[in-house]
1. Given a Förster radius of 41 Å and the C-beta distance between residue 102 and residue 31 as r, what FRET efficiency does 1/(1 + (r/R0)^6) yield to the nearest 0.05?
2. For residue 209 and residue 132, FRET efficiency with R0 = 41 Å and r from the beta-carbon atoms, rounded to 0.05?
3. By the gyration tensor of its Cα atoms, with a ≥ b ≥ c the square roots of the eigenvalues, what is the shape of region 5-68: rounded for a/c under 1.5, prolate for a/b over b/c, or oblate?
4. Give the shape of region 138-234 as rounded, prolate or oblate, defined through the alpha-carbon gyration tensor: a ≥ b ≥ c are the square roots of its eigenvalues, a/c under 1.5 means rounded, and otherwise the shape is prolate if a/b is larger than b/c and oblate if not.
5. Hey, rough spin-label estimate for residue 177 and residue 194, points 7 angstrom out along Cα→Cβ, what's it come to in nanometres?
């Protein structure tokens with residue numbers, strides 16, 4: 001099987017941005033010119049650029065262009081923030097395709113995490129988000145019912161900032177699990193992919209400053225549009 005076109009374009013861009021002129025801050029050529037130069041569609045080129053943006057190697061700003069990222073800009077577990085903050089740090093404009101907030105009964109695992117009665121309900125938020133071209137992640141969050149969260153808050157803003165501003169809840173720790181699986185019918189419909197396409201599942205257990213559980217969060221990412229990075233120092 002040959003290497004997909006967007007991966008070939010990614011390899012070309014990697015070689016391009018390693019040159020001194022681009023490391024020094026020169027903007028990449030316009031997408032239409034790059035696509036013509038490589039003999040590929042703009043959608044394929046944009047997919048390659050997205051991969052490098054998610055890896056923290058490129059920064060893209062609307063109305064300005066794309067250039068090599070400064071050292072230290074990367075996605076992953078270091079200095080984690082809300083999704084909006086993570087994407088803004090990478091120069092990606094976020095679009096919300098779907099937002100639903102409601103009260104739901106938790107699964108046994110979620111009830112155990114919050115140490116709550118499984119017959120009670122808690123506030124649940126579901127969001128489908130992405131860039132201006134397509135959705136690439138579905139979030140499902142549950143919030144500890146012992147906290148003063150009502151579900152009437154403004155969830156269109158960064159949630160952690162909202163919790164701190166309204167209730168003084170400061171999140172501090174995120175313990176995470178990352179797995180891979182096939183999308184399945186429900187997630188595929190949300191993300192515009194096929195049920196047998198691969199996805200990345202990122203589960204987050206979020207705690208406040210007092211190690212009190214605040215949020216149980218599951219994220220489903222399109223595998224062709226998101227790369228999860230780790231940096232380990234000895």
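1. Here the calculated transfer efficiency is 0.55.
2. That pair, residue 132 with residue 209, gives E of 0.70.
3. rounded
4. Oblate shape, in that a/c is at least 1.5 and b/c is the bigger or equal ratio.
5. Placing both labels 7 Å along Cα→Cβ, they lie 2.9 nm apart.
Any read-out appearing in this document is the output of simple, stated calculations on the displayed coordinates, not a laboratory observation. Bear in mind the structure is a predicted one, so any value in this text is a computation, not a measurement. All Cβ positions, glycine included, derive from the backbone under ideal geometry; neighbour counts span all protein chains shown.
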